[in-house]
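Just below is one structure, and these are the notes that go with it.
The values are calculated or read from the model by the stated rules, or taken from the named source; none is laboratory data. All of these numbers come straight from a predicted model, not from anything done at the bench. All Cβ positions, glycine included, derive from the backbone under ideal geometry; neighbour counts span all protein chains shown. Note: areas computed on protein heavy atoms with side chains; ligands, DNA, RNA excluded. Shrake-Rupley method; radii C 1.70, N 1.55, O 1.52, S 1.80 Å.
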Amino acid sequence: MKSFSRHLFVILAFGLLFSACKSQKNTPTSGRPSGPVITSPNPNNGGNLPVKNLPMAPVALQPLTFQMPEMPREFRGVWIATVANIDWPISSTDPYEKQKRDFLELLDYYKNLNFNAVIVQIRTAGDAFYPSNLAPWSKYLTGVQGQAPKTDENPLTWMIKESHARGLEFHAWLNPYRATMNLSTEGLSPDHAYNLHRNWMLKYGTQYYFNPGLPEVKAHLLSVIKEIVDNYDIDAIHFDDYFYPYKIAKQDFPDKSTYDKYKKPGQSQDDWRRDNVNQLILALNQTIKQSKPWVQFGISPFGVWRNQSMDPKGSPTRAGQTNYDDLYADVLLWMKNGWVDYMLPQLYWSMDHKLASHRVLNDWWAKNHYNTNVYIGNGPYKIREDSDVAWNNPREINSQISYTRTLPTIQGNAFFSAKSMKLKNQDVAQLLKSELYNEPTLPPAFQPKSPSIIDTPVVFSVEANSTLTSIRMANPLDPAIRYALIQGANELNQLANAEIHPVWVGGLRARTLEVKSLNTKYLAIRWIDHYGRIVQTQVYQIP
């Protein structure tokens, strides 16, 4: 397995903390790949780079004026579910060090498949995978809710660091309204909201939920998100499809007294419920962007907004429940108003499913994106596990990705869940890598909604010997610079397609980088900011 550590290590030295002249960069994003990312042969891919015999004494590299093309973009994410220990930790009672090894194994596996993002569940049901003033430790991490892990390390800080070190975006996934997984409350921590604020809870089916109609619940959830955004170097806040719960036959969600208290004149209960969720989404967007404008807000809703039988703008599907009518999630409104940075609908059906075709729903979302990034959620967990015989074909996932790539307004995919292509269906994962994800690429960039001023990196010198390449900056890097992407090739026309070596520099104001020499004739350094934009590119030649 190729791993980041085989190719690079980073030694960060720090200089004086002063600023260079400010310049604003608005580097445009480019399209995602329509097929394999690399469009020309790349004999230098991987670890067997031809060696140019550099001396042990450092030599100065010569800067060139060669223009590198914009990199292709495509979101390639995987959900890492922690609830009920679906993906990680494998066991809540495993020693913390084993849990760490298992997490790194997941990261390395998907990095080797050329994924570029992980969506990690850090709140399952009123709990936390990080030290919090607002929620107890999750039992899925430590075995007992409220019990801290046996380490002085912050697990979330560590997970983010290890993800970034591999060039993977870290999307922090939370379930907002789910309070418990069942009706057994004896194991809940005294610090769980069920015990602190019983009046916030509504019992429905076999679970308790935060009452979405209460202003106090909205304020609490805003505080939960603000605590995460303020304290962690995440790339996104991510919600899935659990807003109001999926409806249970012959049971009404018990919020009538709250509706009677807070409804507006003439407002139906359905519209009131939708407005509760709308106001939360709007306020969350504002909370995130006020703290860190570069942190994305993404939603992964159920795959059907409305059936066409209910609304001519809906999809030609016959879904049993829908976002708008049953979960009270008006996801189109959120995109229209710019309240989310990306939408990732869960289209866990086969290509030609009779009730909800993956193909048809791809087309519908491609037409109803409202200038919001749209990625498609795919369900490899169904491979060889579903009554729909289409899922017996291990190429079903590749067929879906290939179709998505024909739609210019859809920019990538994510897969539920991590174990579905690791513990089983590894043949599906290898088909995906060999045919479609055969080369790494960057996730989509996005533009800030207000001017973003970033110090453009200025390289003072680049020197290399047979072991190390030293990159010295004229000034400390702006904290907004997240990555240096290093590429090497022996021909200029191969440089843009060469293997990408990411070096995480986010927030460290590095003055010097030392990376393992690639021993190639040409070297490219691309600097990526926290919006994902390439703000500067330099190309060098080894004399």
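Check the range 493-500 and report whether any residue there is in a strand (DSSP E or B), of a type outside the set (A, V, I, L, M) and open to solvent by 30 Å² or more (accessible area, probe 1.4 Å).
no
Find the residue count for the range 502-543, including only residues that are within 24 Å of the chain's Cα centre (by Cα) and of a type in the set (Ser, Thr, Tyr).
The total comes to 1.
Please identify the pairs in which a residue from the range 77-101 that is closer than 16 Å to Leu423 by Cβ has its Cβ atom under 8 Å from the Cβ atom of a residue that is in a helix (DSSP H, G or I) and polar (S, T, N, Q), counting only partners at least 6 apart or on another chain.
Matching pairs, first to second residue: Trp88/Gln99; Pro89/Gln99; Ile90/Gln99; Ser91/Asn85.
Of all residues being hydroxyl-bearing (Ser, Thr, Tyr) and open to solvent by 40 Å² or more (accessible area, probe 1.4 Å) in the range 129-180, which is farthest from Ile237 (Cα to Cα)? Just the residue, please.
Ranking the candidates gives Thr151 first.
Give the range 429-472 a look and list any residue that's open to solvent by less than 30 Å² (accessible area, probe 1.4 Å), acidic (Asp, Glu) and farther than 26 Å from Pro63 by Cα, or say none.
Selection gives Glu439 alone.
Would you confirm, using the coordinates I've provided, whether Leu168 is in contact (Cβ under 8 Å) with a residue 60 or more places away in the chain, in contact with a His (Cβ under 9 Å, 6 or more places away or on another chain) and within 27 Å of Asp529 (Cα to Cα)?
Answer is no for this residue.
For the range 411-418, check the following and say yes or no: at least one residue is buried (at least 22 other Cβ atoms within 10 Å of the Cβ), more than 29 Å from Leu495 (Cβ to Cβ) and among the hydroxyl-bearing types (Ser, Thr, Tyr).
no
Does the range 280-297 contain at least one residue that is open to solvent by 10 Å² or more (accessible area, probe 1.4 Å), β-branched (Val, Ile, Thr) and part of a helix (DSSP H, G or I)?
Taking every residue of the range 280-297 in turn, at least one turns out to be open to solvent by 10 Å² or more (accessible area, probe 1.4 Å), β-branched (Val, Ile, Thr) and part of a helix (DSSP H, G or I).
May I ask you to list the residues in the range 320-339 that are assigned to a loop (DSSP other than H, G, I, E, B) and open to solvent by less than 20 Å² (accessible area, probe 1.4 Å)?
Within the range 320-339, Thr322, Tyr328, Ala329 qualify.
In the range 249-279, which residues are open to solvent by less than 30 Å² (accessible area, probe 1.4 Å), of a type outside the set (Ser, Thr, Tyr) and either closer than 9 Å to Gly213 by Cα or in contact with a Leu (Cβ under 6 Å, 6 or more places away or on another chain) (or both)?
Once the filter is applied, which keeps residues that are open to solvent by less than 30 Å² (accessible area, probe 1.4 Å), of a type outside the set (Ser, Thr, Tyr) and either closer than 9 Å to Gly213 by Cα or in contact with a Leu (Cβ under 6 Å, 6 or more places away or on another chain) (or both), the range 249-279 yields Asp255, Trp272, Arg273, Asn276, Val277.
Taking only the range 102-128 into account, find how many residues are open to solvent by 10 Å² or more (accessible area, probe 1.4 Å), within 18 Å of Pro502 (Cβ to Cβ) and either in contact with a strand residue (DSSP E or B) (Cβ under 6 Å, 6 or more places away or on another chain) or free of Cβ contacts under 8 Å to residues at least 60 places away in the same chain (or both).
Total satisfying the criteria: 1.
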